[in-house]
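The values are calculated or read from the model by the stated rules, or taken from the named source; none is laboratory data. If you're wondering where the values come from, they're calculated on a predicted model, not measured in any experiment. Here the Cβ is made from the backbone with ideal geometry for all residues, glycine too, and neighbour counts use every protein chain on show.
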Amino acid sequence: MGDEMIYLDYAASTPVDPRVYDRMREVGQAAYANPSSTHAAGRLTHAVIAQAAKQLGGLLNVDPKTLIWTSGATESDNLAIAGAARYRAHRGKHIVTMKTEHKAVTDVFEALAREGFDVTWVDADSRGLLDPDVFAAALRDDTQFASIMFVNNETGVIQNIEALGAICRERDILFHVDGAQAVGKVPIDFAALPVDLLSLTGHKFYGPKGIGALYMADRPGCHVDPILFGGGQQRRIRPGTLPTDLIAGLGMAAEIAAGSIDDDLAHLAHLRDLLWNGIREIDGISLNGDPDGFPGILNVSVEDIEGESLLFALEPICAATGSACNSKIQEPSYVLRALGRTDMQAQSAIRFSVGRPTTVEEVEFAAERYRAAVARLRSLAPEAAA
Amino acid sequence: MSADPYSAQVRELFAAPAHAGDIAGGEVVSLSDQDVRLRLSGSATGGTVDAMRFRAWGCPHVIAAAEAVCSALEGRPLTDLENYAVADVMQNLAVPVEKTGRILVIEDAVRSLGQRFRDRT
């Protein structure tokens, strides 16, 4: 193992499972008609989509009819947040989310604030967890909508969705969950959870890019206004011709995940522990997040190391910095800053994320490489000012 | 799609910076600015730079540029230091314009080092 690329960025995206590819190829050749057409070819395509919905519904334990296909989690988040907030706007314009949400959520809330919605941004604790009491205290009589992510994309922290959703149900507040990092990775029975809207995407769990879904609970008052217009597909909530092959791929990825999720979790936990145990003795290292969080993600900071140089020195390991890629000059992660990390700690953060194909050898190599990179950069640096 | 942010020269110089270190008894300048900490040391004989060394805390472009600058200045007249400009190094290493401020810290350090040598004589 030397110059060969080692991919440890599965939270960013995953490779498509070969079985998913096979299914997409098969469908792409056989079910090419427009699924809205009523002729035999259209009905065939429609059946393929119905099967994928059944597969995804099986993973989530929800009625397939509650699923709306989208282009991915970003679109699902936009549709859920903007759509639900606007749908409920006549009843109140107060909406709530966390400071540590993904940009696909925070940017929509900021856009809604510019439209005249009143946004409350709740804080996480130093591990990234949202205390249900803190959440409840942020709610008001005019609160109509809240959005909290299931698994944090940077730290792997898992929120107590059951408790947070129950608080919303008591107050008739629509509750959206960004499940991009959770679906297909963490066993979740959504039929048992008080969640109204759930965003997900295929490429985070070995499905294709460009396809996602929004689950919308079938219960009174749970609805969204469309954000796209142009046809009657999907009950006019999300119009547009459906990409049958991508949907079939997502369905297959869901079926595979449903059958392997427990084994996957055990594998990821073993790898995460191996990696952490291989670097935890480094002077000045600290864990960002909750040790009981999603085991596929390990986010670490180390004192007095420049993050961009650290990531560069880690090559051929492909990991992510704790920096936001909003500019060519990297800025410390707003998520880690919200957890109380200093700029120095946040800018040095590296997110390693392991996946189904990751091997013990790769993780051991990564730990050795990380130790060596930190030692080398420290040997290059002048002493810090006292 | 993101292009490789590092040129081949940056990769080479970052991987093996031959001028990393210190010069015992040499002139030393330390600067800290623009997310960069830099210590530059040099020695000279008879108006010529003998040796240059650096220590740097910064992004890969800073480390590569510090190495390139140290390498380029060895054997040059001391008088070159006070008027030194990093423009050529930035161009050769294809440093993104957003990082100009960081690389200018190296330029400031070289000029300060030149002043130190002049003050000593």
*Of the residues in region A:250-296, how many are among the basic types (K, R) and surrounded by 18 or more Cβ atoms within 10 Å (Cβ to Cβ)?*
1
_I'd like to verify a number: residues in region B:1-35 that are more than 10 Å from chain A (Cβ to nearest Cβ) and charged (D, E, K, R), how many?_
4
_Name the single residue that is farthest from A:E255 (Cα to Cα) among those in region A:156-191 being among the basic types (K, R) and part of a loop (DSSP other than H, G, I, E, B)._
A:R171
*Of the residues in region A:288-317, how many are assigned to a loop (DSSP other than H, G, I, E, B) and either away from chain B (no Cβ under 14 Å) or free of Cβ contacts under 8 Å to residues at least 40 places away in the same chain (or both)?*
10
_Tabulated pairs, region A:172-188, first modelled with pLDDT of 95 or more, second of a type in the set (K, R), C-beta under 6 angstrom, 6+ apart or interchain_ = A:A180/A:K204
*asked:* With the requirement that a residue be farther than 20 Å from B:V89 by Cβ, free of Cβ contacts under 8 Å to residues at least 60 places away in the same chain and surrounded by 15 or more Cβ atoms within 10 Å (Cβ to Cβ), what does region B:1-27 give you?
replied: B:I23, B:G26
*Just for region B:42-53: of the residues that are free of Cβ contacts under 8 Å to residues at least 40 places away in the same chain and not charged (D, E, K, R), which one is surrounded by the most Cβ atoms within 10 Å (Cβ to Cβ)?*
B:M52
*How many residues does region B:37-58 contain that are on the phi < 0 side of the Ramachandran plot and either away from chain A (no Cβ under 14 Å) or modelled with pLDDT under 95 (or both)?*
9
_If A:V195 meets every condition in (1) in contact (Cβ under 8 Å) with a residue 40 or more places away in the chain; (2) buried (at least 18 other Cβ atoms within 10 Å of the Cβ) apart from one, which number is that one?_
(1)
*Assuming A:S348 fulfils every condition listed in (1) over 23 Å from A:I6 (Cβ atoms); (2) at pLDDT below 95 apart from one, which condition is it?*
(1)
*strands (runs of 3 or more DSSP E) contained in region A:67-150 and holding at least 1 residues farther than 14 Å from A:F175 by Cα and at pLDDT 95 or above*: A:67-70, A:118-122
*asked:* Pairs please, first residue from region B:87-108 and at pLDDT 95 or above, second anywhere and buried (at least 23 other Cβ atoms within 10 Å of the Cβ) and of a type in the set (F, W, Y), Cβ atoms under 7 Å, 6+ apart in sequence or on different chains.
replied: none
*Kindly indicate which of A:T38, A:T70 is within 27 Å of A:A217 (Cα to Cα) and of a type in the set (S, T, N, Q).*
A:T70
*Wholly enclosed helices (runs of 4 or more DSSP H) of region B:58-121 bearing at least 2 residues under 14 Å from B:G42 (Cα atoms)*: B:60-73, B:100-120
*Pull up region A:334-378, narrow it to residues that are in a helix (DSSP H, G or I), in contact with a strand residue (DSSP E or B) (Cβ under 8 Å, 6 or more places away or on another chain) and not aliphatic (A, V, I, L, M), then point me to the one that is farthest from the other protein chains (Cβ to nearest Cβ).*
A:E362
*Considering only residues that are over 12 Å from A:V151 (Cβ atoms) and not polar (S, T, N, Q), look in region A:198-207 and name the one that is surrounded by the fewest Cβ atoms within 10 Å (Cβ to Cβ).*
A:H203
*asked:* Given the criterion within 27 Å of B:P96 (Cβ to Cβ), more than 14 Å from chain A (Cβ to nearest Cβ), buried (at least 16 other Cβ atoms within 10 Å of the Cβ) and among the aliphatic types (A, V, I, L, M), identify the matching residue among B:V69, B:V62.
replied: B:V69
*Residue satisfying all of: in region A:21-53; of a type in the set (V, I, T) and assigned to a helix (DSSP H, G or I); farthest from A:W69 (Cα to Cα) among these*: A:V27
